[in-house]
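The values are calculated or read from the model by the stated rules, or taken from the named source; none is laboratory data. Keep in mind that what you see is a predicted model, and the values were worked out from it rather than measured. Please note: Cβ atoms are built from the backbone with ideal geometry, for glycine as well, and neighbour counts cover all protein chains shown.
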Protein chains: 2
Amino acid sequence: MTALDFWFEFGSTYSYLSSARVAAVASAVKVELRWQPFLLGPLFREFGWDDSPFNLYPVKGRYMWRDMQRLCQGYGLPFRKPSAFPRNGLLAARVCCVGAGERWLPAFVNAVFEANFGHDLEIADPAVIRGLLDGLGQSGKAILDEAARDPAKQCLRDQTDRARDLGIFGAPSFVVGTELYWGNDRLGDAIACAATGGLG
Amino acid sequence: MTALDFWFEFGSTYSYLSSARVAAVASAVKVELRWQPFLLGPLFREFGWDDSPFNLYPVKGRYMWRDMQRLCQGYGLPFRKPSAFPRNGLLAARVCCVGAGERWLPAFVNAVFEANFGHDLEIADPAVIRGLLDGLGQSGKAILDEAARDPAKQCLRDQTDRARDLGIFGAPSFVVGTELYWGNDRLGDAIACAATGGLG
């Protein structure tokens, strides 16, 4: 049995699909799940991309939105094409750093994704994030205060550096031992690898 | 029941994975399969890419080769990382135009992919392609002669134009009615869509 690291970025459409499913499938096979927020922007900039590839290459973008629509329908997930894409997930990712190990973290991650891709809410707006935290019975104000401090900022920078060091170049990504899996389509393979103790 | 168009490019690793499986899965659900060769190069050049993205972005390339290794193992397909990538599939694709509707076409397509990704053979070499055709009981020389004539060249240009018009931007791609599916990971969804008569 090996832990599964789930690397996600709140601006990423396909991360939404995995976030909504990963806890249930990991739990079903008793795999330990670790939530790993990071930012894709700094990694994309190293490719010379100053925007999502789905915006840089419109033909890929048109396909992706149709693909999302079909997949959300298949998974039974709410989907509404966001009026802004990609939204900036910096604040929400810092909140995840504050919430590392907390019981509310998984529900918060899912709430942020659903706000962005299910309800077209601006997740870069502190009021939206605070509302989600409050809705989970937490003190949104206190958590946002902590997310604005240096330790949370440094934690997220470190997470993004770790992602780069792991060879991550997109989201979602899954890491099991030394194996990297990229994309929502690899969730099943990653889980199977973790459940059987890794590919070694 | 709607036909499934399978769009493939001989230089594409993930097209190999689908080519090896698509006939069996289509036949199992009695879906009519249409083999659609095209060239990715002209479409990539419109993105400003003069090479495979797996070469332009080495971190993606490293991941792709490991992913291929794992997937070929899972599917029970021979795999050897080719010493040249991507190989030029122009000649083999023109041969497919010559072989449209012929009974040897599916076996030829699979043989070319396996030569490239299973045995590290240079599929741009006419002697290799001729050998594959001869091995299928065909007259390799006569078919190569025909592949060098204008109708075959024009057929392949038309195929690539059709691919662009369909919104195709990568390989493999599957088209069922008005639905486009990109990638080996979508073979199952495309087949399901075709088997149920399209998403309409």
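Condition check: touching a residue at least 40 places away in the same chain (Cβ under 8 Å), touching a Gly at 6+ places or on another chain (Cβ under 7 Å) and farther than 30 Å from B:ALA190 by Cβ. Does A:GLY99 satisfy that? It is false that A:GLY99 is touching a residue at least 40 places away in the same chain (Cβ under 8 Å), touching a Gly at 6+ places or on another chain (Cβ under 7 Å) and farther than 30 Å from B:ALA190 by Cβ.
For the range B:1-30, a tally of residues being at pLDDT below 95 and surrounded by 18 or more Cβ atoms within 10 Å (Cβ to Cβ) returns 1. Of the residues B:ARG80, B:ARG45, only one is over 16 Å from the mean Cα position of the chain (by Cα) and over 30 Å from B:GLY177 (Cβ atoms); which? Among B:ARG80, B:ARG45, only B:ARG80 is over 16 Å from the mean Cα position of the chain (by Cα) and over 30 Å from B:GLY177 (Cβ atoms).
Rundown of residues vs (1) under 15 Å from A:TRP7 (Cβ atoms); (2) within 16 Å of the chain's Cα centre (by Cα); (3) more than 12 Å from chain B (Cβ to nearest Cβ), yes/no style:
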site: A:ILE143; (1), (2), (3): no, no, yes
site: A:GLU146; (1), (2), (3): no, no, yes
site: A:ARG149; (1), (2), (3): no, no, yes
site: A:ALA171; (1), (2), (3): yes, yes, yes
site: A:ALA194; (1), (2), (3): yes, no, yes
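Per-residue answers, yes or no, for (1) more than 12 Å from chain B (Cβ to nearest Cβ); (2) over 29 Å from A:ALA3 (Cα atoms); (3) among the basic types (Lys, Arg):
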site	(1), (2), (3)
A:LYS30	yes, no, yes
A:TRP35	yes, no, no
A:PHE47	no, yes, no
A:GLN73	no, yes, no
A:ARG80	yes, yes, yes
A:PHE85	yes, yes, no
A:VAL109	yes, no, no
A:ALA115	yes, no, no
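Of all residues in the range A:51-67, those being aromatic (Phe, Trp, Tyr), facing another protein chain (nearest Cβ under 10 Å) and either in contact (Cβ under 8 Å) with a residue 24 or more places away in the chain or assigned to a helix (DSSP H, G or I) (or both) number 1. State whether one or more residues within the range A:151-168 are loosely packed, with under 13 Cβ neighbours inside 10 Å and among the hydrophobic types (A, V, I, L, M, F, W, C). For the range A:151-168, residues loosely packed, with under 13 Cβ neighbours inside 10 Å and among the hydrophobic types (A, V, I, L, M, F, W, C): absent.
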